Amino acid sequence: MIEAFEKQTVRRAEAQVVAAHPRGTLMKKAAGEVSDTVVELLLARGVKVAESPILGLVGGGDNGGDCLYALAYLAKLGYPCLALILSDKPHLEALAAAEKAQVTIERVDLAGNARQVARLAARRARAAKVWIDGLVGAGINGKLREPLSQVVAELTRISASYPRQFLRIAIDIPSGVFADDGRLPGVCLGADVTVTMGALKSASLLPPAAYEFGQVRLVDLGLQLSEPRLARLQARDVGEFWALPRAQDHKYTRGVVQVVAGSSSFPLTGVMCVEGAGRAGAGMVRYVGPEEAAFAILSRFPEAVVGAGKHQCLLVGPGIDSKDSSRVREAVNQAVQAATSGIPLVLDAGAIDFYPEIVAQVPGGHLSHRAVLTPHAGEAARLLSALGAGGGRGGVTRAEVEASPAAWAQFLADKTQATVLLKGAVTLIASANETMFSQAGAPPWTGTAGSGDVLAGIVASVLAQHQARAEQSGHHMSASQVSFAVASAAWVHTMAARNAAGLSLSEEPEAKGLTALGKPIVASDIARAIPQAIAWALARI
């Protein structure tokens, strides 16, 4: 499991370790990891040493010191290095080491016009192959100040215009990333690789900031940290959690999913839910819906059973036409029954809009952690607005959710008492008083019609399998078990998408721009690749 921590928590732990080591020891270790990363990536690109000019963007404090020491190490290997000093107080010992290693030092007059400083930085950046970002670290709060904000804005424009021309290495955290919840208050210098110190910072796993980190490499400093509130599951975690079928199991004891999806207007919507649930290991998948929709589903997935019956998880929502009042009423009634009986309930797509109608009929007026909401940003914004978030300014917009998804996902979980899976390139799983999970790694091709339906099916399948075990033992699934189950489903969906797109199932994230995206896929490709993803997890135990 990958764990991430708030930056102040990491800084306190770092201070204890720094105090226990000779001065500069850990800074030099960090710089060594940065320089090794640069060398490794340049060798992978087949770039010769003499043809690899390296620009160090040097700020004050420890990040600037790390950058200067890294340039010193690279210069000793023969790389042409320039340190652009963008601080009035550079780290003196590291600066001396860089000068001794014959790094070219250029001090910038920060009292001059910010635009001129930015243009100077841009000229130096265009002449380099590698940018090492040592401008500011995790200890800074708020937006970048001038002239750094204009410098970063100009470099961002250049890298966007020539996305494969420059290799961008951030030290600890990309400059401009400050908030622990993943928000970006201003401009940010995105990285292809971030070499982070001591422990992963929360922002590296939370969007939109997470998109700026590229590949994250951790330098272990031996920090002692408490249990995290943010984590990302890996193959071994999923494999160890998976409810494996036993010799005495049969279709009813392996978990039954009941899917209420599709309509006369959208007859094929339920197909992806049913297939996702079945291929993820449910013992049986029941489908409840219009006759024409049932026929379409059976023609595609004949293993499904048409009609309601005993089940361990109910999935409601995809493809239910809001204009079909009888269909909506049936969906709401089944959701209320599931919520009241205590079995897992997954509200996806259209059912999220029915949430107020559902909870109005549930004792206590709210759901439990065994209910899972699976909105994308737009659906989340509508539900938040319906719940009164946003006050007198007309509710919450999709853009606001996308700007701060972690905060809004947690708000929804706290408000509804349900488990919330907020879909996106980074999918977040939030629950009241539980660890938040952040799952990522799917190729961009995954954002395709029906992909969310497959995910909903996987979620329902995993919950049904664990609910079946809980019923046999006479227990209820705890909030932490439900969160873990939903995060496991998100992991399987991600890996199935990778497999379908022809990418490696390795969980080592690729550096941006250094690897192919794979091939285009559709939702049915993802569904068919689910078993291979699960097999990969089980093989890692």
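The Rg/Rh ratio for the range 339-458 is 0.95, where Rg is the radius of gyration of the alpha carbons and Rh is the Kirkwood radius. Annotation: the residues Met272, Met477, Met495, Met1, sorted from fewest to most other C-beta atoms within 10 Å of their own C-beta, follow the order Met1, Met477, Met495, Met272.
Using only alpha carbons, the chain has a radius of gyration to Kirkwood radius ratio (Rg to Rh) of 1.03. Judged by the ratio a/c of the largest to the smallest principal axis of the C-alpha gyration tensor, the range 1-106 counts as oblate, that ratio being 1.5 or greater while a/b is no larger than b/c. Taking label points 7 Å from Cα along the Cα-to-Cβ direction, Ile541 and Ser161 give a separation of 5.5 nm. When the C-alpha to C-alpha distance is required to be over 24 Å, the pairs from Lys129/Lys423; Lys7/Lys143; Lys7/Lys28; Lys48/Lys76 that qualify are Lys129/Lys423. Taking every C-alpha pair closer than 8 Å and separated by at least 6 residues, the mean separation divided by the residue count of the chain gives a relative contact order of 13 percent. The phi torsions of the range 313-329, fed into the Karplus equation with coefficients 6.51, -1.76 and 1.60 and a -60° offset, translate into couplings of 7, 10, 10, 10, x, x, x, 7, 6, 5, 7, 8, 4, 5, 5, 5, 4 Hz, rounded to whole numbers, with Gly and Pro shown as x. Expressed to the nearest 5 percent, the antiparallel share of DSSP beta bridges inside the chain is 15 percent. Where q = 0.23, 0.28, 0.29 Å⁻¹, what log10 of I(q)/I(0) comes from the Debye formula for the range 1-59, counting one point per Cα? Result of the Debye calculation: -1.01, -1.14, -1.16.
The residues neighbouring Gly378, those whose beta-carbon lies less than 14 Å from its own, together hold a net charge of -2 under the Lys/Arg +1, Asp/Glu -1 convention. Close amide H pairs (under 5 Å, H built 1.01 Å from N) link Leu345 with Leu314, Ala371, Val372, residues at least 5 positions away or on another chain.
Calculate how many DSSP beta bridges within the range 235-539 are antiparallel, expressed in % of all such bridges and rounded to the nearest 5. Bridges in the range 235-539 are about 25 percent antiparallel.
Rounded is the label for the range 2-226, because the ratio a/c of its alpha-carbon gyration tensor axes (a ≥ b ≥ c) stays below 1.5. Treating each Cα of the range 235-539 as an identical point scatterer and summing with the Debye formula, the log10 of I(q)/I(0) at q = 0.11, 0.15, 0.16 Å⁻¹ comes to -0.60, -1.17, -1.34.
Among the trypsin sites (Lys or Arg not before Pro) within the range 147-188, those in coil by DSSP and having at most 13 neighbouring Cβ atoms inside 10 Å are Arg164.
The distance between label points at Leu218 and Ser299 comes to 5.0 nm (points 7 Å beyond Cα on the Cα→Cβ vector). When you filter the trypsin sites (Lys or Arg not before Pro) in the range 241-328 for DSSP loop state and at most 10 other Cβ atoms inside 10 Å of their Cβ, you are left with Arg246, Lys310, Lys323. Backbone phi angles across the range 410-424, fed through the Karplus curve with coefficients 6.51, -1.76 and 1.60 (θ = phi - 60°), yield HN-Hα couplings of 5, 4, 4, 5, 5, 6, 8, 6, 8, 8, 10, 10, 9, 6, x Hz in residue order; Gly and Pro are listed as x. Within the range 442-469, name every residue whose backbone N is under 20 Å away from a label modeled 7 Å from Cα of Gln248 along the Cβ vector. Hits in the range 442-469 for Gln248 at 20 Å: 465-469. Set the Förster radius R0 to 41 Å, insert the Cβ-Cβ distance between Ala425 and Lys29 as r into 1/(1 + (r/R0)^6), and round the FRET efficiency to 0.05. That gives a FRET efficiency of 0.80. Ordering His493, His369, His311 from the fewest to the most neighbouring beta carbons within 10 Å gives His369, His311, His493. Residues His376, His475, ranked from the fewest to the most other C-beta atoms within 10 Å, line up as His475, His376. Sequence-ordered 3J(HN,Hα) estimates for the range 330-337 from the Karplus curve with 6.51, -1.76 and 1.60 and θ = phi - 60° stand at 4, 5, 5, 4, 5, 5, 5, 4 Hz, glycine and proline given as x.
Read-outs: derived from the displayed coordinates by stated rules, not from any lab. Quantities reported herein were computed from a predicted structural model and do not represent experimental measurements. Every residue, glycine among them, receives a Cβ derived from its backbone with ideal geometry; neighbour counts consider all protein chains shown.
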